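To keep things clear, I will list the structure first and then write my remarks on it.
The values are calculated or read from the model by the stated rules, or taken from the named source; none is laboratory data. Note that the structure is a prediction, hence the values are computed from the model and not measured. Glycine gets a Cβ as well: all are built from the backbone with ideal geometry, and neighbour counts include every protein chain shown.
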Amino acid sequence: MGSLLAVGFDLDYTLWDHGRFAETFFAAVAGEVGGRLGLAPARVEAELRRAWRDLTPGHPRLFDTALARLGSADPALAADLVARYRRHRPPIRPYPGALPLLEALRRKGLRLFLVTDGGAAVQRYKVEALGLASAFDARVFTGDFPALLRKPSPFPFLVACRGLGVPPRRCAFVGDNPETDFEAPRCLGMLAIGVTTGPYAELPPAAGLGPHRRVRDLRDLEDLA
Ligand SMILES: [Mg+2]
């Protein structure tokens, strides 16, 4: 690998605490769901948090699972919660150290890119709300692609590189999720960096290639800049 020309980032749990997004939603709907099920809001909120913790974050069955555990099998209510979750727009901010790192990398002349899974509309909202609208030279929202072309496919990483005109072997990619963020960048020749700010720090390692380097949070990456 020659010297770095570009550094890419995942969004959720890499640049900000995605768990806060879910927690504010659970708090907002707990009273109403509790009212419909005849349960205390605190019990509903606790069960939603437990499902979030037990399942892979962002799991498509999150609301069905939590409602089933609360004794309700109401697909319409689960679907309603999913739809409202996608429209949820709480105030959010990046992790400490995220903006200084991005600014320092840019000052060094490195190009910056984003590769993020998840619903494209909500991911675009998050980028704006986090104040990152002009932070990246290339942004790839894989929700715009068919499922097979999202992470862990190498495709979205190649789209970012092509957008920048930079070969993958001159890039680093920073992410948190061992299922999606390290193997494809490594296979493309990128330097893969894992941050353990999110829930995956406590989960068993995934099969396949891990990151070349692991850091506790973005403030430990000052040497890249
Ligand atoms: Mg992530």
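Could you say which residue among 11, 15 is touching a Ser or Thr at 6+ places or on another chain (Cβ under 6 Å), touching a residue at least 60 places away in the same chain (Cβ under 8 Å) and within 16 Å of the ligand (Cβ to nearest atom)? Walk me through it before giving the result.
On the way: 15 fails: touching a Ser or Thr at 6+ places or on another chain (Cβ under 6 Å).
Exactly one residue qualifies, and that residue is 11.
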Inset, instruction - Report yes if residue 201 is within 13 Å of the ligand (Cβ to nearest atom), out of contact with any Phe, Trp or Tyr (no Cβ under 8 Å at 6 or more places or on another chain) and more than 19 Å from residue 150 (Cα to Cα), otherwise no. - result: yes
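Every residue, every condition in (1) modelled with pLDDT under 95; (2) surrounded by fewer than 16 Cβ atoms within 10 Å (Cβ to Cβ), yes or no:
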{"site": "145", "(1), (2)": "no, no"}
{"site": "155", "(1), (2)": "no, no"}
{"site": "161", "(1), (2)": "no, no"}
{"site": "180", "(1), (2)": "yes, no"}
{"site": "185", "(1), (2)": "no, no"}
{"site": "189", "(1), (2)": "no, yes"}
{"site": "199", "(1), (2)": "yes, no"}
{"site": "203", "(1), (2)": "yes, yes"}
{"site": "206", "(1), (2)": "yes, no"}
Legend entry - Filter result for the condition that a residue is within 21 Å of residue 197 (Cβ to Cβ), modelled with pLDDT under 90 and in contact with a helix residue (DSSP H, G or I) (Cβ under 8 Å, 6 or more places away or on another chain), over 59, 18: 59
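I'd like the full set of residues that are within 16 Å of the ligand (Cβ to nearest atom) and hydrophobic (A, V, I, L, M, F, W, C), limited to region 154-189.
Narrowing region 154-189 to residues within 16 Å of the ligand (Cβ to nearest atom): 156-157, 160, 172-185.
Within region 154-189, 157, 160, 172, 173, 174, 182, 184 qualify.
Checking the conditions here, which among 118, 71 is out of contact with any strand residue (DSSP E or B) (no Cβ under 9 Å at 6 or more places or on another chain) and of a type in the set (Gly, Ala, Ser)? Break it down into steps so the answer makes sense when it comes.
Working: 118 fails: out of contact with any strand residue (DSSP E or B) (no Cβ under 9 Å at 6 or more places or on another chain).
Testing whether each residue is out of contact with any strand residue (DSSP E or B) (no Cβ under 9 Å at 6 or more places or on another chain) and of a type in the set (Gly, Ala, Ser) leaves just 71.
If only one of 76, 30, 66 is touching a Leu at 6+ places or on another chain (Cβ under 6 Å) and outside the structural domain of residue 194 (by TED's automatic domain parsing), which one is it? Spell out the reasoning first.
Numbers: 76 fails: touching a Leu at 6+ places or on another chain (Cβ under 6 Å); 30 fails: touching a Leu at 6+ places or on another chain (Cβ under 6 Å).
Sole residue among the options that is touching a Leu at 6+ places or on another chain (Cβ under 6 Å) and outside the structural domain of residue 194 (by TED's automatic domain parsing): 66.
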Legend entry - Breaking point among (1) closer than 19 Å to residue 202 by Cα; (2) among the small types (Gly, Ala, Ser); (3) free of Cβ contacts under 8 Å to residues at least 24 places away in the same chain, for residue 46: (1)
Inset, instruction - Determine if region 149-168 includes at least one residue that is in contact with an Asp or Glu (Cβ under 6 Å, 6 or more places away or on another chain) and aromatic (Phe, Trp, Tyr). - result: no
Inset, instruction - Considering only residues that are out of contact with any Phe, Trp or Tyr (no Cβ under 7 Å at 6 or more places or on another chain) and assigned to a loop (DSSP other than H, G, I, E, B), look in region 74-92 and name the one that is surrounded by the fewest Cβ atoms within 10 Å (Cβ to Cβ). - result: 91
Inset, instruction - State all residues of region 96-108 that are out of contact with any helix residue (DSSP H, G or I) (no Cβ under 6 Å at 6 or more places or on another chain) and either in the same structural domain as residue 29 (by TED's automatic domain parsing) or assigned to a loop (DSSP other than H, G, I, E, B) (or both); if no residue qualifies, say none. - result: 96, 108
